[in-house]
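Asker: Here it is: the structure, laid out below.
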Amino acid sequence: MIQINNLHKKFGKLTVLDGLDLEIKSGGIFAILGPNGSGKTTLIKSVLGMVIPNSGEIKIDDKSVLKQWDYRNQINYLPQIANFPANLTVNELIAMVKNLRPKEANEKELISLFDLKPFLDKKLGNLSGGTKQKVNIVLTFMFDSDLIILDEPTTGLDPIALIHLKEIIQQEKEKDKTLLITTHIMSLVEEIADKIVFLLDGKIYFTGSVNQLKIQTNQTNLEHAIANLMTKENV
Amino acid sequence: MFKILKYSFFDLMRSRWSYVYFAFYLILGFVLLFLNNDVNKAIITLMNIIIVLTPLIGTIFGVMYYYNSKEFTELLLAQPIKRSTIFMGQYLGIAISLTFSLILGLGIPFLLYGLFKSTAIFDFGLLLLVGSFLNFIFVALAFNIALSNENKIKGFGYAILLWLFLAVIYDGVFLISLVMFNEYPLDKLAITATVFNPIDLSRILILLKLDISALLGYTGAVFKKFFGTNLGLFLSLFVLFLWVVFPVWRINRKLRKKDF
């Protein structure tokens, strides 16, 4: 599905991605993990074409995506921080995003799932962080796309919303979608991830299942296993 | 692009500042006509105001809109839309909505005063045309500055400096150089210097049309001598057009390498 070869990205003097290679096969949930500043968001944004790599190749379904734009019709993206134009209402925002994508959308189901009805005519500037994140989730999942990229999807969500989010993620997985998720919440990773992609110093340090990681690091607890990876032992 | 343009346009049209700007021109138009009691004289006063004010408002609106809509732009960037489409849509949205405020704000009082019965209608039309050009030029310049500066405060600072430089300092430097080198032939220098400043260029363009030699000044006189009134008009309009094309081209070039 996604193939990344020798990806380099520098911001000024800071090297963020340093010859990253990654192959993600179609179908399943991939958790992209790594310490703060390890290049997770940069990697995701490179795939989306928002960050332009210095060198390297990114292919989706065997087609290079660099400098392209129409491939994004097959990607749903949930950005890390949900900041929307403040003077727009929720309804207007949803209508606008629908208008911009030549695709069917099923936002109604999601709106009722997250109890967003009372907020539909409110301006986005007046919503709380958690509610904005719910709107963000609706915008992401209302389209039917093969690739779904979630950058810190759980930020600000209450427990009920979190349960719904996990349900949606599982449903998408059953539809054979590919999901990339970055998060710092290890329990979520353990619960849903099929594979872990661990980034460190701009390279992939580990790919494999949760169990493989535990075995390799000699830990029974995922959090400790990850901490172990971060200190660069056992690899 | 049209969808983004429409969105940006209505977004701005709904904002309070567009109304303030519109109301300002409306009041200005009425007051000038009331005080001068003559369309021709009002046009000259208006020219002096438009030539300084539209660049300032264009610059500030452009920079402000860019930084304020940053998150929204990121949302758009993740959609299947070309980068240049997003930014050209936003650019045109701002420039057109500012031009709307200008044309409606000044047009209404002049129409009510009986513009169509006066001979000044072409002068007035030219004034609005030049004002619109200045909007398009300075919003494009503002976008250039904002795209090159991640830091909001810096971006604002540079934008204001640019305006200050072109609207005020440029003339001063130009005048000093004329005085210092007055023993040499300065015609070519004067013309070149004017071409490189859209505000000066607009001023001369309007004065050429109004044909008021007393206000033409040195550069205007040189322009007139060199090109004659009609060719001068045509040339300066063409250069103003270039002033739109070049910054817009640079926006698109800058976009190709920009990270969001």
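The values are calculated or read from the model by the stated rules, or taken from the named source; none is laboratory data. Every value quoted in this text rests on a predicted model; they were computed, and no experiment measured them. Here the Cβ positions follow ideal geometry from the backbone for every residue, glycine too, while neighbour counts run over all protein chains shown.
Asker: Can you tell me which of (1) under 23 Å from B:LEU141 (Cα atoms); (2) more than 14 Å from chain A (Cβ to nearest Cβ) is the one B:ALA23 doesn't meet?
Answerer: Here B:ALA23 clears every test but (1).
Asker: What is the residue count in region A:19-54 for residues that are polar (S, T, N, Q) and within 13 Å of chain B (Cβ to nearest Cβ)? Show your work before the answer.
Answerer: Our first condition is that a residue be polar (S, T, N, Q); within region A:19-54, this holds for A:26, A:36, A:38, A:41-42, A:46, A:54.
When the remaining residues are screened for being within 13 Å of chain B (Cβ to nearest Cβ), the result is A:41-42, A:46, A:54.
Final tally of qualifying residues: 4.
Asker: What are the residue pairs meeting all of these: first residue in region A:90-102, first residue more than 9 Å from every other protein chain (Cβ to nearest Cβ), second residue buried (at least 16 other Cβ atoms within 10 Å of the Cβ) and modelled with pLDDT under 90, Cβ atoms under 6 Å, and 6 or more apart or on different chains?
Answerer: Between residues of region A:90-102 that are more than 9 Å from every other protein chain (Cβ to nearest Cβ) and residues that are buried (at least 16 other Cβ atoms within 10 Å of the Cβ) and modelled with pLDDT under 90, the close pairs are A:ILE94/A:GLU107; A:LYS98/A:ALA105.
Asker: So which of B:LEU189, B:LEU166 is aliphatic (A, V, I, L, M), within 14 Å of B:VAL222 (Cβ to Cβ) and buried (at least 16 other Cβ atoms within 10 Å of the Cβ)? It would help to see each step written out before you state the result.
Answerer: Working: B:LEU166 fails: within 14 Å of B:VAL222 (Cβ to Cβ).
Testing whether each residue is aliphatic (A, V, I, L, M), within 14 Å of B:VAL222 (Cβ to Cβ) and buried (at least 16 other Cβ atoms within 10 Å of the Cβ) leaves just B:LEU189.
Asker: Mind checking which residues of region B:133-152 are part of a helix (DSSP H, G or I) and surrounded by fewer than 19 Cβ atoms within 10 Å (Cβ to Cβ)?
Answerer: Step one: filter region B:133-152 for residues part of a helix (DSSP H, G or I), giving B:133-148, B:152.
The answer is B:LEU147, B:SER148, B:LYS152.
Asker: Across region B:114-132, which residue is modelled with the lowest pLDDT among those that are among the aromatic types (Phe, Trp, Tyr) and surrounded by fewer than 19 Cβ atoms within 10 Å (Cβ to Cβ)?
Answerer: B:PHE116
Asker: Quick one: count up the residues across region A:61-77 that are surrounded by fewer than 17 Cβ atoms within 10 Å (Cβ to Cβ) and among the basic types (Lys, Arg).
Answerer: Going through region A:61-77 one residue at a time, the tally reaches 2.
Asker: So, one more: Test B:PHE223 against the stated conditions and say whether it is aromatic (Phe, Trp, Tyr), free of Cβ contacts under 8 Å to residues at least 24 places away in the same chain and more than 30 Å from B:THR85 (Cβ to Cβ).
Answerer: Working: aromatic (Phe, Trp, Tyr): yes; free of Cβ contacts under 8 Å to residues at least 24 places away in the same chain: no; more than 30 Å from B:THR85 (Cβ to Cβ): yes.
No, not satisfied.
To keep it simple, each residue is scored yes or no on (1) within 14 Å of chain A (Cβ to nearest Cβ); (2) touching a Ser or Thr at 6+ places or on another chain (Cβ under 8 Å); (3) among the basic types (Lys, Arg); (4) more than 22 Å from B:ARG250 (Cα to Cα).
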site: B:ILE81; (1), (2), (3), (4): yes, no, no, no
site: B:GLN90; (1), (2), (3), (4): yes, yes, no, no
site: B:ILE121; (1), (2), (3), (4): no, no, no, yes
site: B:LYS154; (1), (2), (3), (4): no, no, yes, no
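Asker: Hey, can you tell me all the residues within region A:98-146 that are of a type in the set (Val, Ile, Thr) and either surrounded by fewer than 16 Cβ atoms within 10 Å (Cβ to Cβ) or more than 20 Å from B:LEU77 (Cα to Cα) (or both)? Break it down stepwise before answering.
Answerer: Let us first name the residues in region A:98-146 that are of a type in the set (Val, Ile, Thr), namely A:111, A:131, A:135, A:137-138, A:140.
Answer for region A:98-146, where residues must be of a type in the set (Val, Ile, Thr) and either surrounded by fewer than 16 Cβ atoms within 10 Å (Cβ to Cβ) or more than 20 Å from B:LEU77 (Cα to Cα) (or both): A:ILE111, A:THR131.
Asker: Say whether the condition of being more than 21 Å from B:ILE50 (Cα to Cα), modelled with pLDDT under 90 and polar (S, T, N, Q) is met by at least one residue in region B:217-226.
Answerer: Scanning region B:217-226, I find no residue that is more than 21 Å from B:ILE50 (Cα to Cα), modelled with pLDDT under 90 and polar (S, T, N, Q), so the answer is no.
Asker: Same structure again: Looking for something over 26 Å from A:LEU100 (Cα atoms) and within 14 Å of chain A (Cβ to nearest Cβ) - is there at least one such residue anywhere in region B:93-112?
Answerer: So far as region B:93-112 goes, no, none of its residues is over 26 Å from A:LEU100 (Cα atoms) and within 14 Å of chain A (Cβ to nearest Cβ).
Asker: What strands (runs of 3 or more DSSP E) lie completely within region A:1-60 and have 3 or more residues being surrounded by fewer than 17 Cβ atoms within 10 Å (Cβ to Cβ)? Break it down stepwise before answering.
Answerer: On the way: elements: A:2-11, A:14-24, A:28-33, A:55-60.
Per the criteria, A:2-11, A:14-24, A:55-60.
Asker: Identify, please: which residue in region B:65-80 is without any contact (Cβ under 8 Å) to a residue 12 or more places away in the chain and aliphatic (A, V, I, L, M) and is, among those, farthest from B:VAL139 (Cα to Cα)?
Answerer: Step one: filter region B:65-80 for residues without any contact (Cβ under 8 Å) to a residue 12 or more places away in the chain, giving B:68, B:70-72, B:75, B:78-80.
Keeping just the survivors that are aliphatic (A, V, I, L, M) gives B:75, B:78.
Details: B:LEU75: 22, B:ALA78: 25 Å.
Going through the qualifying residues, I end up with B:ALA78.
Asker: Being touching a residue at least 24 places away in the same chain (Cβ under 8 Å) and in contact with a Pro (Cβ under 9 Å, 6 or more places away or on another chain) is true for just one of A:LEU199, A:LEU157. Which residue is that? Break it down stepwise before answering.
Answerer: Values: A:LEU157 fails: in contact with a Pro (Cβ under 9 Å, 6 or more places away or on another chain).
So the residue among A:LEU199, A:LEU157 that is touching a residue at least 24 places away in the same chain (Cβ under 8 Å) and in contact with a Pro (Cβ under 9 Å, 6 or more places away or on another chain) is A:LEU199.
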